[in-house]
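Here's the structure, in structure tokens; my notes come after.
Derivation of every value follows stated rules applied to the coordinates shown; laboratory data play no part. None of the values given here were measured: they were computed from a predicted structure. Because the Cβ atoms are built from the backbone with ideal geometry, glycine has one as well, and the counts that use them run over all protein chains shown.
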Amino acid sequence: MNERSEPGGVGGRPPTGGKSELILDKVSRWYGNVVAVNGVSMRVGPGVTGLLGPNGAGKSTLIHMMGGFLAPSSGSVTLDGTPIWQNPDVYRGLGLVPEREAAYDFLTGEQFIVAMAKLHKLPDPAAAARRAIGLVEMDYAAGRTIGNYSKGMKQRIKMASALVHDPPVLLLDEPFNGMDPRQRLQLMELIRRMADEGRTILFSSHILEEVERLASHIEVIVAGRHAASGDFRKIRRLMTDRPHIFLVRSSDDRALAAAIIADGSARSVQLTDKGLQIEAVDFQRFTWLLPRVSRDADVRLWEVSPADESLESVFSYLVAR
């Protein structure tokens with residue numbers, strides 16, 4: 001039996017050629033006058049890499065170029081030094097889980113995965129399909145049509161389709177969308193085990209906590225541009241150290257504004273009809289000082305809330321650095 005049709009990878013022998021590296025070199029992709037990705041360079045090696053960014057940042061476009069579904073408008077995308085675009089031999093080493101829910105709803109889960117195994121020309125498609133379906137714990141629903149699956153079940157059967165040929169590289173675009181907490185934990189554990197085998201895994205997310213739990217390395221993308229790179233602590237530190245804007249309501253906004261300005265713990269203070277808008281340069285120092293300044297000024301704090309905590313504002317700061 002050919003080794004690709006035997007139970008391997010997770011729970012068996014590691015996938016062949018597992019120590020793979022994806023390299024993006026000044027990659028851009030545009031559609032007419034719209035630039036989706038702009039001059040992105042990064043390396044994705046063995047282990048789990050998180051591709052973090054707000055919706056519409058260009059994450060899916062990058063993943064589709066890494067998977068060979070899109071040609072770069074400029075720059076190059078290579079796997080172990082070999083260009084990916086229009087190179088079917090390279091595709092055998094890639095597994096892709098797209099973000100889109102589109103699937104062959106008239107097929108059963110088993111029929112779909114067997115069809116994927118046949119497309120990869122595996123010698124025993126049925127055995128490969130059973131192995132992949134078992135890995136994502138979808139055995140119980142393999143005989144049901146995909147059209148009757150929940151969103152989370154569709155995500156898992158797409159994961160099985162990406163694993164059926166036991167690839168050393170996995171590209172997962174928002175893989176946890178629609179999953180319940182139990183399904184998310186199961187998939188996270190599977191991804192960790194595959195990474196421990198030496199696979200190269202990249203997954204995209206717009207949720208920082210998802211990336212924190214899985215990724216040893218993070219690449220941040222905003223508006224099609226590469227914004228930051230490093231481990232979670234580095235990225236969290238960049239986000240924490242940025243200027244923060246707070247909305248503060250108190251018993252005497254004018255007196256509190258005067259006290260904050262005199263203290264020098266904020267870059268700017270504006271009096272608005274909703275309260276004080278305060279831009280703090282040193283986040284930790286400001287949050288420590290604010291209650292003390294208000295106490296000394298005999299002002300009662302009613303509300304302190306962040307005014308710029310969206311991912312878009314956080315990531316835009318990283319881009320502007």
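Just a few scattered comments:
- Principal-axis analysis of the Cα atoms of the chain puts helix 125-135 at an angle of about 30° to the longest axis.
- Helix 181-196 axis, angle to the chain major axis (alpha carbon atoms, nearest 10°): 70 degrees
- Amide H contacts of Ala227 (H built 1.01 Å from N, in plane; Pro and chain starts excluded): Val220, Ile221, Val222 sit under 5 Å, all sequence-distant by 5 or more or on other chains.
- DSSP bridge analysis restricted to the chain gives an antiparallel fraction near 65%, rounded to the nearest 5.
- Shape call, region 74-211: gyration tensor on alpha carbons, a/c limit 1.5: oblate
- J(HN,Hα) series, region 272-278, from Karplus relation 6.51 cos²θ - 1.76 cosθ + 1.60, nearest Hz, glycine and proline x: 10, 6, 9, x, 8, 9, 10
- For the listed residue pairs Lys19/Lys234; Lys121/Lys151; Lys234/Lys274, the alpha carbons are over 32 angstrom apart in Lys234/Lys274.
- Cα-centred dipole magnitude for region 144-214, charges only on beta-carbon of K, R (+1) and D, E (-1), debye, nearest 20: 360 debye
- Projected label distance in nm at Lys19 and Lys274, using a 7 Å step from Cα toward the beta-carbon: 5.4 nm
- Directionally averaged projected area (convex hull, Cα atoms, region 115-170), nm²: 3.8 nm²
- Ala36 long-range amide H proximity, modeled H, under 5 Å: Arg29, Trp30, Tyr31
- Going from the residue with the fewest nearby Cβ atoms within 10 Å to the one with the most, Thr61, Thr108 rank Thr108, Thr61.
- For the chain, alpha-carbon Rg over 2.2 N^0.38 Å: 1.22
- The antiparallel fraction among DSSP beta bridges confined to region 129-260 stands at about 50%.
- For Ser74, distant residues with modelled amide H under 5 Å away: Ser28
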